[in-house]
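Report on one structure; see the data block that follows.
The values are calculated or read from the model by the stated rules, or taken from the named source; none is laboratory data. Fair warning: this is a prediction, and the values are worked out from it, not measured in the lab. No Cβ is skipped: glycine too gets one built from the backbone with ideal geometry, and neighbour counts run over all protein chains shown.
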Amino acid sequence: MARNSKGKTKAEPSGSGTALTHIDAKGEARMVDVSTKPATERTAVAEGRVVMSKATLALIETGQAKKGDVLATARIAGIMAAKRTSELIPLCHPLALTKVTIDITPDRKLPGCIVRASVKVTGPTGVEMEALTAVSVACLTIYDMVKAVDRGIRIEGIHLIEKIGGKSGHYRTRA
């Protein structure tokens, strides 16, 4: 990281040649002004995994968890989280999301659940943080609902899968 004249770090992503947009010339955090950016259709997809014992996964699959329907609750929690991202992540803009989909797939090989969120907006900024927040909270909800029977649950691999739209264009994680 480079330093400005006051000795504060100035973050620059490697290879891009541009400074980070959430850091001003003084090296201080700021919310980016998106008022002049055109509203375009944007989509982001994120994914994560909740790894657990086979017995815990069986409780989820058969609907026998004491707290209720784990997958339905996690799905709703993920949708709610996407809608509230700007309240949780300080420099995120509040967005009028047009679609949020949470898919949770039980995976016996893992064993556990694969959580995927797809978020869509027509607006001046992307929805990557909304997709990542949705996955994170859905995973945390699964953990919360079955932690009493399995203290060894792990949340792993939360990452952006794909981003479509906006100035930087299309991004897809390498397989």
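Flag: Ser35 matches the condition of being out of contact with any Lys or Arg (no Cβ under 6 Å at 6 or more places or on another chain), under 22 Å from Pro124 (Cβ atoms), polar (S, T, N, Q) and modelled with pLDDT under 95. Each residue in the stretch 137-150 was checked for being basic (Lys, Arg) and either in contact with a Pro (Cβ under 8 Å, 6 or more places away or on another chain) or buried (at least 21 other Cβ atoms within 10 Å of the Cβ) (or both), and 0 pass. Within the stretch 33-56, the set of residues being under 23 Å from the mean Cα position of the chain (by Cα) and under 25 Å from Leu110 (Cα atoms) comprises Ala44, Val45, Ala46, Glu47, Gly48, Arg49, Val50, Val51, Met52. Considering the stretch 65-107, and only residues there that are touching a Lys or Arg at 6+ places or on another chain (Cβ under 7 Å) and charged (D, E, K, R), the residue that is surrounded by the most Cβ atoms within 10 Å (Cβ to Cβ) turns out to be Asp103. When restricted to residues that are among the β-branched types (Val, Ile, Thr) and modelled with pLDDT of 75 or more, the stretch 15-30 contains 2.
Out of the residues in the stretch 54-90 that are of a type in the set (Ser, Thr, Tyr) and without any contact (Cβ under 8 Å) to a residue 60 or more places away in the chain, state the one that is farthest from Cys113 (Cα to Cα). That would be Ser86. Take the residues in the stretch 108-136 that are farther than 22 Å from Arg154 by Cα and more than 16 Å from the chain's Cα centre (by Cα); name whichever of them is surrounded by the most Cβ atoms within 10 Å (Cβ to Cβ). Looking at the filtered set, the residue picked out is Gly123.
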